[in-house]
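What follows is one structure encoded as structure tokens, with my remarks underneath.
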């Protein structure tokens with residue numbers, strides 16, 4: 001069997017495998033850090049070029065001055081007014097912005113439309129900021145500077161009306177900024193919950209740290225590959241968040257399967273070599289099929305015309321593939337080198353009759369789980385036809 005040969009190869013070359021992954025981590029780290037620089041932050045790049053919305057923006061761009069970087073990237077200022085006198089003040093403010101813009105690098109002026117008035121007498125005036133930042137600059141990255149510039153002109157002129165900087169660049173910036181804020185909360189929470197859950201399951205904080213660290217190495221390798229892919233396709237910044245969460249969820253699951261099977265084989269009386277061999281063969285086969293299914297699922301997204309979804313499918317499938325390879329090689333190699341010390345401070349003797357793992361809260365939860373799954377199995381077997389009918 002292929003997994004028998006895989007097990008033999010890993011057990012015979014465990015040190016070399018760990019060294020290879022360490023080299024990959026060091027080499028990939030440099031490129032992974034720069035992966036964000038090649039990702040797209042322009043929402044216009046997400047939709048197909050033949051979509052009505054993109055064509056509409058291109059038509060608008062023919063009638064209003066735009067950036068030399070992207071003809072669809074026009075910052076828009078929305079100035080709200082409540083009555084006719086405020087309408088005149090809003091127009092004057094946009095004229096003041098136009099004059100002030102001439103002294104700001106990258107801005108060439110502000111053009112505005114006639115006021116749009118509602119039946120209640122209030123309305124808005126739209127101003128279009130003409131930019132010239134150069135070919136290598138995304139206008140969206142200048143959003144904070146543009147908002148600061150608008151605030152300074154408001155303070156200098158005494159204008160007190162409500163203003164909003166919007167348009168494609170501002171929307172892209174706000175999406176990126178909010179997404180990165182979410183990532184800063186989601187990623188630590190994900191890792192913390194994995195550490196807690198795995199630590200409770202194995203009664204070991206050492207064991208709980210191994211799966212996230214392994215997938216962390218795989219994540220760095222994935223981001224390095226994405227750095228290369230970013231030069232030939234549009235990969236959107238939100239992909240970064242999706243990759244880490246999906247890799248942590250699926251990848252840690254694969255790692256836990258192997259470690260748990262290794263522990264069960266040790267508890268059944270096998271020695272270290274045979275226990276690890278069986279874990280690689282049987283758990284390895286299961287997680288490979290599971291991983292292949294996930295890869296196919298994400299890979300199916302590549303047929304979408306919506307480029308954000310299609311490129312995300314490629315990256316997610318790639319991330320799961322690398323996580324699967326790490327789980328199949330790095331985890332067994334670590335187990336080969338450290339043995340049952342990976343379960344420290346818990347010793348395998350704790351699982352024997354009368355051991356610590358057979359007493360107290362851990363044993364109580366274990367018995368609760370055994371009863372639940374035992375009864376679930378009996379119920380499923382006894383009512384198999386009824387369950388199948390309900391499921392259909």
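The values are calculated or read from the model by the stated rules, or taken from the named source; none is laboratory data. None of these values were measured; they are calculated from a predicted model. Cβ placement follows ideal geometry from the backbone for every residue including glycine, while neighbour counts extend to all protein chains displayed.
A Cβ distance below 6 Å, combined with a sequence gap of six or more or placement on separate chains, defines the contacts here; from region 73-88, residues that are under 17 Å from residue 139 (Cβ atoms) reach residues that are in a loop (DSSP other than H, G, I, E, B) in the pairs 73/67; 74/66; 74/167; 75/167; 76/167. Screening the candidates 143, 214, 131 for the property of being assigned by TED's automatic domain parsing to the domain that holds residue 321, touching a residue at least 40 places away in the same chain (Cβ under 8 Å) and buried (at least 17 other Cβ atoms within 10 Å of the Cβ) yields one hit, 214.
Apart from one condition, residue 200 fits all of (1) out of contact with any helix residue (DSSP H, G or I) (no Cβ under 9 Å at 6 or more places or on another chain); (2) within 18 Å of residue 257 (Cβ to Cβ); the exception is (1). Residue 352: at pLDDT below 90, surrounded by fewer than 16 Cβ atoms within 10 Å (Cβ to Cβ) and more than 22 Å from residue 257 (Cα to Cα), yes or no? Against the criterion (at pLDDT below 90, surrounded by fewer than 16 Cβ atoms within 10 Å (Cβ to Cβ) and more than 22 Å from residue 257 (Cα to Cα)), residue 352 does not qualify. Taking region 203-240 as the range and being modelled with pLDDT under 85, part of a helix (DSSP H, G or I) and closer than 20 Å to residue 260 by Cβ as the test, only 205 passes.
Residues that are part of a loop (DSSP other than H, G, I, E, B) and either in contact with a helix residue (DSSP H, G or I) (Cβ under 9 Å, 6 or more places away or on another chain) or within 15 Å of residue 94 (Cβ to Cβ) (or both) within region 127-157 comprise 133, 138, listed in sequence order.
Results for (1) at pLDDT 90 or above; (2) within 22 Å of the chain's Cα centre (by Cα); (3) surrounded by fewer than 20 Cβ atoms within 10 Å (Cβ to Cβ); (4) not assigned by TED's automatic domain parsing to the domain that holds residue 342, shown as yes or no for each residue.
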site	(1), (2), (3), (4)
262	yes, no, no, no
268	no, no, yes, no
292	yes, yes, yes, no
310	no, yes, yes, no
315	yes, yes, no, no
322	yes, yes, no, no
